[in-house]
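Heads up: the structure comes next, in structure tokens.
Any read-out appearing in this document is the output of simple, stated calculations on the displayed coordinates, not a laboratory observation. Quantities reported herein were computed from a predicted structural model and do not represent experimental measurements. Virtual Cβ from ideal backbone geometry, glycine too; neighbours counted across all protein chains shown.
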């Protein structure tokens with residue numbers, strides 16, 4: 001049985017796809033059979049970041065509608081073993097994702113994979129609900145600014161009421177907060193919310209803090225998940241997040257300044 | 001001469017909708033028989049004629065034991081009219097009753113499940129129409145008529161305690177809404193909206209560990225965030241109704 005992880009946020013442009021790419025790559029690097037599924041039907045992005053857009057033949061919607069098998073649609077990653085991408089369709093809309101269809105595909109993939117990472121579209125509409133419905137764990141990607149935090153709060157509420165685990169009265173979805181685009185200087189200047197501020201509002205466990213970095217942008221443009229850039233701070237921060245996702249203890253890094261000591265105390269680093 | 005007065009009325013809105021609660025006399029009906037009803041009514045009026053003059057009355061059916069088909073609201077209204085009693089509406093009963101009430105141009109009010117003046121065989125549960133489903137999947141357990149919530153109430157969620165107090169042992173996020181018939185206790189910051197005494201209980205209060213609310217309301221009297229930015233902002237506070245004015249007092253001594 002695969003563990004299903006949804007990467008979600010409510011707000012757009014906070015780094016869901018970047019995170020999906022890096023987390024799935026990180027899990028595969030650790031030897032887990034991993035597939036990353038693009039739920040953003042109509043706005044295909046994940047295959048660009050994973051640099052496999054030229055090898056897409058069939059997509060998620062084709063599989064749901066029975067026009068292709070899962071094996072035909074899955075694209076194998078060239079850099080990391082055990083990693084597969086199920087791209088979204090660009091020509092359909094999100095209504096093509098039916099609850100039964102998604103369920104069937106995930107059930108079938110659950111048999112062969114250890115982890116299924118679902119890259120959610122922005123918003124709280126159908127596509128996002130489909131992406132989070134089956135989740136066992138959720139990575140809520142949040143930027144340290146008020147509107148992003150508000151939307152994350154909203155999506156956490158939806159996870160608690162509209163996910164399969166909530167509907168069937170099972171153990172609730174395990175929630176993780178991933179703070180992205182964190183800029184220490186701007187926090188110091190009061191232009192950004194601090195980790196404590198965000199934690200105070202959302203009060204869920206912190207999976208990691210990804211510093212704002214040029215490496216993320218470069219990696220996206222080159223079609224390589226930033227976690228593969230093991231020289232970059234962002235890449236290392238994602239590697240730490242993957243370790244924490246797997247239950248390992250890692251101190252928070254790359255936060256600079258005096259804050260570090262305090263945070264270490266707070267988060268048991 | 002009358003011109004200034006005319007402009008003044010023109011500038012004012014035609015009306016304003018407000019929450020109000022009023023104590024009403026309820027005629028709890030056990031069974032319906034026009035003759036005995038009129039006889040009993042006449043006896044009662046003889047005891048206190050002034051009390052009954054132009055009395056607004058609600059027909060209560062929570063303890064009605066007879067057949068719904070026997071209910072003739074037109075006849076009932078007629079009897080009351082002859083004694084100058086004004087029937088406003090019907091409280092409780094099932095959908096059939098509701099339809100009958102509508103046909104007789106009477107308002108229908110959800111029944112109350114409390115107050116049983118006599119051990120009647122449990123009447124048809126006059127379930128009040130379910131309010132907005134409290135979407136909060138927050139683990140909550142009903143203790144007595146109150147409600148206890150241990151999970152954060154998040155943006156977009158609504159938690160409602162229709163009969164008693166609401167106790168929340170977690171933050172209430174911006175964009176969340178918590179409502180209660182009684183008091184609201186929040187052991188955490190209140191960043192969303194809190195409405196206590198939604199049925200008109202003016203003695204209800206809101207307690208929170210940090211007042212950062214978008215809106216607070218007691219029995220329909222409300223204040224928005226902008227009006228709350230006083231000394232109590234971001235401090236533990238109690239919000240209550242003092243006369244007609246909603247006030248926030250510090251909770252710590």
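Using only alpha-carbon positions in the stretch B:27-67, the gyration tensor eigenvalues give semi-axes of 21, 13, 7 Å once each is multiplied by 5 and square-rooted (largest first).
I'd like the FRET efficiency for residue B:150 and residue B:215, computed as 1/(1 + (r/R0)^6) with the beta carbon distance as r and R0 of 41 Å, rounded to 0.05. The computed FRET efficiency comes out at 0.95. Across A:198, A:140, A:57, mean-square fluctuation computed from a Gaussian network of chain A (C-alpha pairs under 10 Å connected) peaks at A:57.
Chain A has equivalent-ellipsoid semi-axes of 29, 20, 17 Å, by the square roots of 5 times the alpha carbon gyration tensor eigenvalues, sorted largest first.
By other beta-carbon atoms within 10 Å, ranking B:233, B:108 with the fewest at the front produces B:233, B:108. The mean number of partner chain beta-carbon atoms within 10 angstrom of a residue's beta-carbon across peptide B:171-177 is 4.
Calculate the translational D of the stretch A:128-188 in whole µm² s⁻¹ from Stokes-Einstein, where the hydrodynamic radius comes from the Kirkwood formula applied to all Cα pairs, the temperature is 10 °C and the viscosity 1.306 mPa s. Reported coefficient: 128 µm²/s.
If R0 is taken as 51 Å, the Cβ-Cβ distance between residue A:90 and residue B:203 corresponds to a FRET efficiency of 0.25. Computed over the protein assembly as shown, the alpha-carbon pair-distance distribution with 10 angstrom bins reads 4, 15, 20, 18, 16, 12, 8, 5, 2, 0, each value a whole percent.
Full extension of the chain segment joining residue B:242 with residue B:14 gains 79.2 nm, where the gain is 0.36 nm per residue of separation less the Cα-Cα distance. Normalised by the number of residues in the stretch A:73-184, the average gap of Cα pairs under 8 Å and 6 or more apart makes the relative contact order 21 percent.
Note on the protein assembly as shown: antiparallel DSSP beta bridges, both residues inside, total approximately 20 percent of the bridges counted.
Given a cut-off of under 8 Å on Cα pairs at least six residues apart, what relative contact order in percent is computed for chain A? With pairs under 8 Å counted, the relative contact order is 23 percent. The modelled label-to-label distance for the pair residue A:200/residue B:224, using points 7 Å beyond Cα in the direction of Cβ, is 2.5 nm. A full extension of the chain between residue A:191 and residue A:54 corresponds to an added length of 45.3 nm, given 0.36 nm per residue minus the alpha carbon distance. One way to sum up the overall shape of the stretch B:138-253 is the equivalent ellipsoid from its Cα gyration tensor, whose semi-axes run 20, 16, 12 Å, largest first.
Segment residue A:246..residue A:65, full-extension length gain: 61.8 nm, with 0.36 nm per residue of separation and the alpha-carbon distance subtracted.
When you restrict to C-alpha pairs under 8 Å that are six or more residues apart and normalise by the size of the stretch A:177-228, the relative contact order lands at 45 percent. A Förster radius of 51 Å combined with the Cβ-Cβ distance from residue B:88 to residue A:110 puts the calculated FRET efficiency at roughly 0.25.
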